[in-house]
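Undergrad: Shown below is the structure under consideration.
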Amino acid sequence: MKVISVNISEKKGTVKSPVPQIELRKNHGIVGDAHAGNWHRQVSLLAVESLEKMKEKIPSLKPGDFAENIMTEGISLHTLPIGTFLIIGECELEVTQIGKECHKGCEIRNITGECIMPTEGIFAIVRKEGTIYPEDEIRIGYDRKN
């Protein structure tokens, strides 16, 4: 299980662009990302396996197109229970939400025709800050209290 891509955007509701690394801050999320803030959806994650399913319809799709911050490989994200800890590099995330309601006028939905974030994307808060890079290993933990 590993990170495939890390992505940010300056504006909500838009595709995100891959970057060399992301800096995570507790009670904030990702430095420089539009979704950062002290709320329950600081970081969004999507599995590359979900992207591959959508590429059957739209072959040009790439990491960041569904506005996910972290694209993963080898983990069925949407089956993780809320409260699961994801240890990525030196950082720890806690899963807070599975899926989301897609808002009208979403650039991603307009481009792709449908969005997989409502069913297969997950959201998390930062429990331990640090830097995440593509290729970082992902480990899963449960029921950990900080």
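Values quoted throughout were computed directly from the atomic coordinates according to the rules given, and no laboratory measurement underlies them. Everything quoted here is computed from the prediction, not taken from an experiment. In this analysis, Cβ positions are derived from the backbone assuming ideal geometry, glycine residues included, and neighbour counts consider all displayed protein chains.
Undergrad: Of all residues in the stretch 4-17, which are in contact with a Gly (Cβ under 8 Å, 6 or more places away or on another chain) and either within 18 Å of GLU101 (Cα to Cα) or touching a residue at least 60 places away in the same chain (Cβ under 8 Å) (or both)?
TA: SER5, ASN7, ILE8, GLY13, VAL15
Undergrad: Moving to a separate point now. Within the stretch 18-54, take every residue that is closer than 20 Å to GLU90 by Cα and without any contact (Cβ under 8 Å) to a residue 12 or more places away in the chain and give me the one that is nearest to the chain's Cα centre (by Cα).
TA: ALA36
Undergrad: Residues to consider are GLY89, GLY64, GLY13; find the one that is among the small types (Gly, Ala, Ser) and under 12 Å from the mean Cα position of the chain (by Cα).
TA: GLY64
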